[in-house]
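Since every read-out is calculated from the coordinates, none of them should be taken as a lab result. Predicted model only: the values in this text are computed from it and were never measured. Note: ideal-geometry Cβ built from the backbone for every residue, glycine included; neighbour counts use all protein chains shown.
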Amino acid sequence: MKHRNIITSVLISFLFILPIYGNPFSLNDDQMDQDQGRVEYTIVVKVINDEWRVVLEDDYSKSDVRVRRGDRIRWVVEGSDVSFQFPDDRIFGENTRVVKDGNSLVLAVSARSPKGEFPYTVFVHESMTYARGQSPPRIIVR
């Protein structure tokens, strides 16, 4: 009887502690991504010095992104609708996407993506031209 009371007390205390501190046996999405080494890269499509460019969010001199399978790429579009064309549908599971001005496109690199360097194009609807990257922008899957 004494052991039953102790066990019941411990279980009841867990019922009160878990909502306050969270479940110590589960991971949130950020922790799961971090544990699995997944990374999200942000690329911006916008006008820089009167020219449409594809650039890394934190380095406007670069557009190439080095990724691993499972990583995500977020393209932020500023100033026009754009169309993306990727060279191999195994990278993201599709070849083309259209993104409206002010929106983002987030794609995860597929587990079946081949390794290598893959140039892609970003067509800007407003100016009817292609955005320039590192001539052209590339996704490098390691």
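Some observations on this one:
- Residues in the stretch 48-62 that are part of a loop (DSSP other than H, G, I, E, B) and either of a type in the set (Gly, Ala, Ser) or in contact (Cβ under 8 Å) with a residue 40 or more places away in the chain (or both): SER61, LYS62.
- Restricting attention to the stretch 86-142 and to residues that are over 23 Å from SER61 (Cα atoms) and polar (S, T, N, Q), the residue that is nearest to the chain's Cα centre (by Cα) turns out to be SER110.
- The number of residues in the stretch 77-88 being out of contact with any Lys or Arg (no Cβ under 8 Å at 6 or more places or on another chain) and without any contact (Cβ under 8 Å) to a residue 40 or more places away in the chain comes to 3.
- The stretch 63-85 - residue that is under 17 Å from the mean Cα position of the chain (by Cα) and among the small types (Gly, Ala, Ser) and, of those, farthest from ARG142 (Cα to Cα): SER63
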